[in-house]
């Protein structure tokens, strides 16, 4: 598949996916979401990428759904066929997902940005749940994610008031991992993804799934999940390498196996 609305690059285990409609602030039309669905399936099926970096071209991460285009019809149907499957795919990637938010992350773009395991944002970036400003309700998982990230009071106010949350505020609230200088975003994201690409990929996948499951479980159930995942991690070549490196007092050389 040839991509027209995103860029897909892979190098040294790092898959970089860039939303590439800068003229519309990377507004998410059906074609772009379709390409994102294809690219995330590609990461899963090809199995060569060890970390995914998702960012936006130009001045924004994403301004949200393209209200000027196909999104003006049955918004619920589009959620069912495109946006919700995309969020599910992002959450269930078998490798870590880093999102580098380079500008506005609004509406569906906000949800997609916050789906990252590690979210870094330029200081001039902001997060916005603007649905109420056009008489809609938050979607693409935002009513599930935001209360868990920042608590009910802040999430509800953010959604009902439709106000921008700057990157620094998002960091203070625990919505994102880190707000950094705009000029440092590219270097920071490159260093972070290189580090993850050199790490124990299968352990990362188990961490992702373990956190997701445990957010909806009791303590007893979470302990059982940890036991199950530790059994799997303990059977990997990376675990054996990690122990050997510890004994030899050298850096581990993980292969993601």
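Values in this text are rule-based calculations from the coordinates and carry no lab data. Please read all numbers here as calculations on a predicted model, not as lab measurements. FYI the Cβ positions are ideal-geometry reconstructions off the backbone, even for glycines, and counts take in every protein chain you see.
Quick notes on this one:
- Sorting the segments 100-109, 56-65 by their residues' average number of neighbouring beta-carbon atoms within 10 angstrom, most packed first, yields 100-109, 56-65.
- Linear extension gain, residue 153 paired with residue 195, 0.36 nm per residue minus alpha-carbon span: 11.6 nm
- Whole-number Å³ per residue for the convex hull built on Cα positions in the range 201-248: 67 Å³
- Residue exposure sequence - 5, 82, 38 - by fewest surrounding Cβ within 10 Å: 38, 5, 82
- Gaussian network model of the chain, springs between alpha carbon atoms under 10 Å - residue of 180, 120, 112 with greatest fluctuation: 180
- When the Gaussian network model of the chain links Cα atoms closer than 10 Å, the mean-square fluctuations of 152, 44, 178 top out at 152.
- Applying 1/(1 + (r/R0)^6) with R0 = 25 Å to the Cβ-Cβ distance of residue 228 and residue 84 gives a FRET efficiency near 0.35.
- A convex hull fitted to the Cα coordinates of the range 6-197 yields 101 cubic angstrom per residue.
- The label-point distance for residue 160 and residue 4, in a model that sets each label 7 Å from Cα toward Cβ, rounds to 4.3 nm.
- Length added when fully stretched, residue 212-residue 48, from 0.36 nm per residue minus Cα-Cα: 56.7 nm
- Cβ-Cβ distance of residue 241 and residue 183, R₀ of 30 Å, FRET efficiency by 1/(1 + (r/R0)^6): the value works out to about 0.25.
- For the chain, built as a Gaussian network whose Cα springs stay under 10 Å, the top-fluctuating residue of 215, 160, 32: 215
- Theoretical ellipticity at 222 nm over the chain - DSSP helices of four or more residues, -39500 (n - 2.57) apiece, nearest 500: -13500 deg cm²/dmol
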